[in-house]
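Each remark here refers to the structure printed beneath this line.
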Amino acid sequence: MSPETPNDAVPETEVPYVLAFNRVLHQDQRHRLSLREARVHSTGAVLVLDRVFHRLPAEEQLAYRRALMDSHAAGEGELVSTGLDGTETVLGLLTGESAEDRSGSYARLEHWVPGNFGTAPLTLCLCGTGLPREVDFGIDGHLLRAAQAQVHSTGTSELGFPIG
């Protein structure tokens, strides 16, 4: 049985293993996209991406607002996973938070990647955004597999004793 939304798939009774990456995937004068972390669960992982839309030096407020609105109109895009057999899966967006200050706009996006990880790399692509190009990146499968082995449950038995 498949879950109706990606949020339904994230186990609530687990303590995830967190892999901190803080890896810049794309950067130009206007944009920066980073892979912040992966919170690995027994049934998949939550990938956290940070997007920054910078205000250019000496850019007038109206020009910045227009460029920002064009970026919002382009959307946050889709995170696509490519399997070993070449099949592509669009990953669900769990949450998206944004903020803005004088220097730019910031978005934190969390995507759910279902599955039990093996040793093959997890190949991903962020496409359909306001970025000048698609952003391809990967995560070492060995890291995800080792992290998945470290996840433990915080559930309780019928008698109230901790399981895991």
Once residue 70 and residue 13 are pulled to full extension, the length gained, defined as 0.36 nm per residue separation minus their Cα-Cα distance, is 16.5 nm
Quick one: Debye curve from the alpha-carbon atoms of the chain only, equal weights, vacuum; give me log10 I(q)/I(0) at q = 0.17, 0.18, 0.20 Å⁻¹ to two decimals.
-1.03, -1.12, -1.30
In percent, how large is the relative contact order of region 1-124, given Cα pairs closer than 8 Å and 6 or more residues apart?
25
If packing is taken as the average count of other Cβ atoms within 10 Å, what order do 141-154, 53-66 fall into, highest mean first?
141-154, 53-66
For residue 25, list long-range residues whose amide hydrogen, built 1.01 Å from N in the peptide plane, is under 5 Å from its own amide hydrogen.
33, 34, 35
Measuring with a 1.4 Å probe in the full set of protein chains, what accessible area per residue, in whole Å², belongs to the chain?
58
Carbon plus sulfur fraction of accessible area for region 30-164, probe 1.4 Å, in percent:
53
At R0 = 25 Å, FRET efficiency that the Cβ-Cβ distance of residue 146 and residue 20 yields, to 0.05
0.95
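The values are calculated or read from the model by the stated rules, or taken from the named source; none is laboratory data. If you're wondering where the values come from, they're calculated on a predicted model, not measured in any experiment. All Cβ positions, glycine included, derive from the backbone under ideal geometry; neighbour counts span all protein chains shown. SASA here: full protein model, heavy atoms, side chains in, ligands and nucleic acids out. Shrake-Rupley method; radii C 1.70, N 1.55, O 1.52, S 1.80 Å.
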